[in-house]
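Novice: Okay, handing you the structure first.
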Amino acid sequence: MTVDPNAATQSWPSPEPRRGPNPARYLIPALVAAAVAVALGAYGKVHDPAGTAFNLAGFSSTGAVKSWLATAAFFFALVQLVSALMVYGKLPGPSWSSTLHRWSGRVAFLLAVPVAVHCLYALGFQSYESRVLWHSLFGCFFFGVFSAKMLLLRWERLPGWLLPIVGGLVFTALTILWLTSALWFFRTFGVTT
């Protein structure tokens, strides 16, 4: 058998057309989100509530501390929402909108962590009334979907719709948490410190 060195080369099998990223890779953040949410819920359910975890000088109760921290976190989440709309061109905004978005998210998260630690350690996962059950469920969901968003931020070639949807889920969960906790506290006990 002889080989013609001038013959056109043929690739076998023919190369497949280039496709976008495999959608199955988005299962990783979804599984991490589910694992975080379930782990927090399970810990909150089996943990024997301590009753209290912290109190800050100047506040009348841990409920007041949590409500004000949650309100501050919710305020920064609103800043996140507006700055995200600026980043995506839905609202006019300054050139530093993306920096505002990143830092308001960091501050909102840092304010939410002590509230969550107190809820988990002092109260656990509760279900004695619907408001408390929804609050417990959305607390676990919030940290799960937040974990997924943080993973997705590091990935390249995401579909343009994915981060806004996941960010919207984070915002929605935090809003429901605020409504079922801080707003309820202020309406029940008054706006106190």
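Novice: Quick one: is L137 modelled with pLDDT under 95, part of a helix (DSSP H, G or I), surrounded by 15 or more Cβ atoms within 10 Å (Cβ to Cβ) and not β-branched (V, I, T)? Steps first, please.
Specialist: Details: modelled with pLDDT under 95: no; part of a helix (DSSP H, G or I): yes; surrounded by 15 or more Cβ atoms within 10 Å (Cβ to Cβ): yes; not β-branched (V, I, T): yes.
Taking the combined requirement at face value, the residue does not satisfy it.
Novice: Acidic (D, E), open to solvent by 40 Å² or more (accessible area, probe 1.4 Å), more than 20 Å from L31 (Cα to Cα) and free of Cβ contacts under 8 Å to residues at least 60 places away in the same chain: is that true of E129 in this structure?
Specialist: So E129 fits the description; yes.
Novice: May I ask you to list the residues in region 60-116 that are open to solvent by 40 Å² or more (accessible area, probe 1.4 Å) and in a loop (DSSP other than H, G, I, E, B)?
Specialist: If the condition is that a residue be open to solvent by 40 Å² or more (accessible area, probe 1.4 Å) and in a loop (DSSP other than H, G, I, E, B), then S60, Y88, G89, K90, L91, P92, G93, P94, S95, W96 are the ones that fit.
Novice: With L183, L179, L151, L174 as the choices, which residue is at pLDDT 95 or above and open to solvent by 60 Å² or more (accessible area, probe 1.4 Å)?
Specialist: Working: L183 fails: open to solvent by 60 Å² or more (accessible area, probe 1.4 Å); L151 fails: at pLDDT 95 or above; L174 fails: open to solvent by 60 Å² or more (accessible area, probe 1.4 Å).
That would be L179, the only listed residue that is at pLDDT 95 or above and open to solvent by 60 Å² or more (accessible area, probe 1.4 Å).
Novice: Failed condition for S67, given (1) over 21 Å from T192 (Cα atoms); (2) at pLDDT below 95, with all others met?
Specialist: (1)
Novice: Among the residues of region 154-171, count how many are in a helix (DSSP H, G or I) and surrounded by fewer than 18 Cβ atoms within 10 Å (Cβ to Cβ).
Specialist: Here is the first cut: in region 154-171, the ones in a helix (DSSP H, G or I) are 162-171.
Filter again for surrounded by fewer than 18 Cβ atoms within 10 Å (Cβ to Cβ), leaving 162-165, 168.
Total meeting the criteria: 5.
Novice: From (1) under 20 Å from the mean Cα position of the chain (by Cα); (2) part of a helix (DSSP H, G or I), pick out the condition that doesn't hold for A122.
Specialist: A122 satisfies all of (1) under 20 Å from the mean Cα position of the chain (by Cα); (2) part of a helix (DSSP H, G or I) except (1).
The values are calculated or read from the model by the stated rules, or taken from the named source; none is laboratory data. Owing to the predicted nature of the structure, the values given are computational and were not obtained by experimental measurement. No Cβ is skipped: glycine too gets one built from the backbone with ideal geometry, and neighbour counts run over all protein chains shown. Accessible surface areas use protein heavy atoms only, side chains included; no ligands, DNA or RNA. Shrake-Rupley method; radii C 1.70, N 1.55, O 1.52, S 1.80 Å.
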